[in-house]
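A short worksheet on the structure shown next.
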Amino acid sequence: MTFLSPAESDSSAAQKTAVLHRMRRAQGQLGGVIRMIEEGDDCRSIVTQLAAVSKALDRAGFAIIAANLAECIANPANSNEIDQAGLERLFLSLA
């Protein structure tokens, strides 16, 4: 399974852009957490920022799954590689 189809529609390209934006934001937040640890910031602040990173990554993962699910619904002939059990495993991997 790939992230969206190679021949992307405008909607698919927008979804991919949104996920990449979310991932870059999480990357920046993680850099901030590392800096906070190196500088000896308080535990509460570090954990709060780490939770934000985790949530951002989870949301990006769910967005990827949702985009592929939408593609399967829109083009059922092209979705034979995704079965119900596989989709369930993807969702549970983010839980």
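Between LEU50 and HIS21, the simple label model (points 7 Å from Cα in the Cβ direction) yields a spacing of 2.9 nm.
For the pair ARG59 and LEU92 in one chain, pulling the backbone fully straight at 0.36 nm per residue adds 10.6 nm over the alpha carbon distance. Near ARG59, once Lys and Arg are set to +1 and Asp and Glu to -1 for all other residues with Cβ below 12 Å from its Cβ, the sum equals +2. All alpha carbon pair distances within the stretch 11-93 were sorted into 5 Å bins beginning at 0; the resulting P(r) in whole percents reads 3, 14, 19, 17, 15, 11, 9, 6, 4, 2, 1.
Coordinate-derived values only; no laboratory data. Here the structure is a predicted model, which means the values were calculated and not measured. Virtual Cβ from ideal backbone geometry, glycine too; neighbours counted across all protein chains shown.
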